[in-house]
Amino acid sequence: MPAVLIVDDNIPVLELLEKVLALASYDVFKASGGKQALDVFRRESIDVVITDIAMPGMGGVEFLKAIRENNASVPVVAMSGDFDAYDAVAAGFDAFICKPFKISSILDIAADMLKKRRKILIVDDRSEMRDIVRHVIEQLGFHAVEAGDGAEALQILEREGADLVVSDCSMPLINGRDLLAEVTARFPSLRVVVVSASFKAEDVEALKPFGFLSKPYRIQDLQQIIQKAMT
């Protein structure tokens, strides 16, 4: 269930948006100001932010800047009755909703923002390892898709594509080495990060993945290599 953070110091508006988005099957988090919202954003895995601009204390623009210091990829939508759409885009917001708004507009723009999230494909036959990588990816604000082996991964890439592949090496059917070779041949611009205990120096030299981490690895190192690959 995608998670949306809504921020507005107008409590009736906040409660209305919460009800509408919850009925549309979103996991809704809310805050009545920028500082409170920033705490929620840092604590939860948020997929889309919808924020008012004019708020006491930390306003929407300042809140956006604070988000971008932690996460450059989560879509942030501005709401305002005074702000100009061009100014909102110039400030760095991904979209703008003019108050008063139609409920359908909120639902449409939330759906559009979810479609714009960049996607990372996790490939590992062990579900517990996929869980670790997925958590890191979601904390960074990207959308995670999972495959249990290389064959399933190639089907996903053919069907819906991805912006990055993070793959284990030792897997049934098509292993990480064969998957990397297939991706290089069929999707030459797609970056692959190999996370493995069995990938060897000669594999790195021959197959040239974008990045490589040897298991066990530090979560900080995984975060850094994903951020670098998605830059």
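The values are calculated or read from the model by the stated rules, or taken from the named source; none is laboratory data. Quick caveat: nothing in here was measured; it's all calculated off a predicted structure. We place every Cβ from the backbone using ideal geometry, glycine too, and count neighbours over all the protein chains shown. Heavy atoms of the whole protein, side chains included, go into the accessibility calculation; ligands, DNA and RNA do not. Shrake-Rupley method; radii C 1.70, N 1.55, O 1.52, S 1.80 Å.
Rg over Rh for segment 88-231 works out to 1.06, both radii taken from alpha-carbon positions and Rh defined as the Kirkwood radius. Solvent-accessible area per residue in segment 31-94 equals 45 Å², computed with a 1.4 angstrom probe and all protein chains kept.
Taking only protein heavy atoms and a 1.4 Å probe, the accessible area of segment 1-138 is 51% carbon and sulfur. The accessible area of residue 32, taken with all protein chains in place and a 1.4 Å probe, comes to roughly 50 Å². Derived value for segment 1-147: Kirkwood hydrodynamic radius 15.6 Å. Basis is the mean of 1/r over every pair of different alpha-carbon atoms.
Accessible area per residue (1.4 Å probe, heavy atoms of protein chains only) ranks 189, 198, 104 as 189, 104, 198, with the largest value leading.
When Rg and Dmax are taken over the Cα atoms of segment 109-191, they come to 12.7, 41 Å.
Remark: segment 128-201 carries 44 Å² of accessible area per residue (probe radius 1.4 Å; ligands, DNA and RNA excluded).
Computed over segment 111-150, the P(r) curve from all C-alpha pair distances, binned at 10 Å from the origin, holds 32, 49, 18, 1 percent per bin.
If R0 equals 30 Å, the separation of the Cβ atoms of residue 185 and residue 89 corresponds to a calculated FRET efficiency of about 0.15.
Which pairs, out of 35/65; 119/200; 116/200; 30/228; 35/116, put more than 24 Å between their alpha-carbon atoms? Flagged as over cut-off: 119/200; 116/200; 30/228; 35/116. Just check segment 1-73 against the gyration tensor rule for me: Cα atoms, a ≥ b ≥ c as the square roots of the eigenvalues, rounded for a/c under 1.5, and otherwise prolate or oblate depending on whether a/b exceeds b/c. Here segment 1-73 falls in the oblate category. Helix 127-139 axis versus longest C-alpha principal axis of the chain: approximately 40°, rounded to the nearest ten. For residue 64, the shell of other residues with beta-carbons less than 13 Å away shows a net charge of -3, using +1 for Lys and Arg and -1 for Asp and Glu. Given +1 at the Cβ of Lys and Arg, -1 at the Cβ of Asp and Glu and no other charges, the dipole of segment 1-133 around its Cα centre is 240 debye to the nearest 20. Annotation: Cα Rg of segment 152-231 relative to the compact-globule expectation 2.2 N^0.38 Å equals 1.03.
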